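The values are calculated or read from the model by the stated rules, or taken from the named source; none is laboratory data. Everything numeric here is computed off the predicted structure, so don't read it as measured data. Virtual Cβ from ideal backbone geometry, glycine too; neighbours counted across all protein chains shown. Side chains are part of the model used for accessible areas, which takes the heavy atoms of the whole protein and leaves out ligands, DNA and RNA. Shrake-Rupley method; radii C 1.70, N 1.55, O 1.52, S 1.80 Å.
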Amino acid sequence: MRKNIVAGNWKMNTTLPEGIKLAEEVNDALKAVEPKCDVVICVPFTHLASVNGVITETKKLGLGAENCADHKSGAYTGEVSAAMVASTGAGYVILGHSERRQYYGETAETLREKVALSLENGLTPIFCIGEVLEEREAGKHFDVVKAQVEDGLFNLSAEDFGKIILAYEPVWAIGTGKTATSDQAEEIHAYIRGVIADKYGKEVADNTSILYGGSCKPSNAAELFAKPNVDGGLIGGASLKCADFMGIVNAF
Ligand code: PEP
């Protein structure tokens, strides 16, 4: 069966000492609880190896990067490969976040490369999809997310697709304080699961974790996570404070 997952996305926040301190706080907080979900923190590349060094609750707390390169290795100054990420001890990588699609021109083509390289290196992609406000207002959100899933992932075999975590993140809800209602989240998560079922069959679809992201916080997490097709959250702002992040983890 699919897993419940709460994953933090620190984005471009925290210096290395601040990041180590935050990771230590989350690691310590997890000692005291038995979370009903997998917990992951996705941190800047510069922090990965050091943060991996402070995680002792390895069964409860996973580590991820926020991106990786679309090439294996070589003359790509400034890029960080999937193999490099995996060599730090990380097990996850966020791919296709709307900020990367919007500000760094990530396309379905580059994402397919990144997904393939991540899987080759044993990393679990947390693959982000979601519509912008104008698309929702025009009633195009179903078509937009369907195209993002099809174009970015439907080249995969059923076996490889089964290794993917999806994160539905309406762009209008990211960092805006405006959360999708739990009914809006459920409606589109159920639709996405149907799209997966049409391609790979019901079993693969039922086993795919689909996270919600977009201004998720301790006060709204329980209602979102109670929906049958919402399998957890990708958490931006609220993952930067241990108490808030744990409030979301403990919402399960
Ligand atoms: C995100 O960027 O993945 C995200 C969900 O951000 P926030 O929680 O801050 O809206």
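Structure summary
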{"quantity": "Residue-count net charge about Val51 - beta-carbon cut-off 13 Å; Lys, Arg +1, Asp, Glu -1", "calculated": "-4"}
{"quantity": "Value of [θ]222 nm, deg cm²/dmol, for the chain, DSSP H segments ≥ 4, -39500 (n - 2.57) each, nearest 500", "calculated": "-12500 deg cm²/dmol"}
{"quantity": "Heavy atoms of Trp172 accessible to a 1.4 Å probe, total area in Å² rounded to 10", "calculated": "30 Å²"}
{"quantity": "Karplus 3J(HN,Hα) series, Hz, for the range 118-135 with 6.51 cos²θ - 1.76 cosθ + 1.60 (x for Gly, Pro)", "calculated": "4, 5, 4, 9, x, 8, 8, x, 9, 9, 9, 9, x, 9, 8, 4, 4, 5"}
{"quantity": "Kirkwood-Stokes translational diffusion coefficient of the chain, alpha-carbon pairs, 37 °C, 0.692 mPa s, µm²/s", "calculated": "183 µm²/s"}
{"quantity": "By average C-beta atoms within 10 angstrom, highest first, the peptides 114-122, 206-214", "calculated": "206-214, 114-122"}
{"quantity": "Residues with amide H under 5 Å from that of Ile94, placed H, sequence gap 5 or more", "calculated": "Ala65, Glu66, Asn67, Ile126"}
{"quantity": "Geometric extent, Cα atoms of the range 1-119 - Rg, Dmax (angstrom)", "calculated": "14.7, 46"}
{"quantity": "Nearest-10 value in Å² for the accessible area of Cys216, using the 1.4 Å probe", "calculated": "10 Å²"}
{"quantity": "Residue pairs, from the table Lys72/Lys202; Lys60/Lys199; Lys59/Lys217; Lys60/Lys241, whose Cα atoms sit over 22 Å apart", "calculated": "Lys72/Lys202; Lys60/Lys199; Lys59/Lys217"}
{"quantity": "Charge tally in the Cβ shell below 14 Å around Asn220, where Lys, Arg are +1 and Asp, Glu are -1, Asn220 excluded", "calculated": "-1"}
{"quantity": "Centre separation in Å (Cα based) which lies between the range 207-252 and the range 47-108", "calculated": "21 Å"}
{"quantity": "Assigned charges on the beta-carbon of Lys, Arg, Asp, Glu; the range 70-145 dipole about Cα centre (debye)", "calculated": "240 debye"}
{"quantity": "Per residue solvent-accessible surface (Å²) - the chain, probe of 1.4 Å", "calculated": "44 Å²"}
{"quantity": "Amide H contacts under 5 Å for Gly232, placed H, 5+ residues apart", "calculated": "Ile5, Tyr212"}
{"quantity": "Normalised contact order of the chain, rounded percent, pairs of Cα under 8 Å and 6 or more residues apart", "calculated": "22 percent"}
{"quantity": "Dipole of the chain, positive end: most advanced residue of Gly214, Met84, Ile188 [Cβ charges, Cα centre]", "calculated": "Met84"}
{"quantity": "Accessible area (Å², 1.4 Å probe, nearest 10) - Ser87", "calculated": "90 Å²"}
{"quantity": "Histogram of C-alpha separations across the range 103-230, 10 Å bin width, %", "calculated": "12, 44, 35, 9"}
{"quantity": "Note, ³J(HN,Hα) from phi for the range 185-201, Karplus 6.51, -1.76, 1.60, rounded to Hz, x at Gly and Pro", "calculated": "5, 4, 4, 7, 4, 5, 5, 4, 4, x, 4, 5, 4, 4, 8, 10, x"}
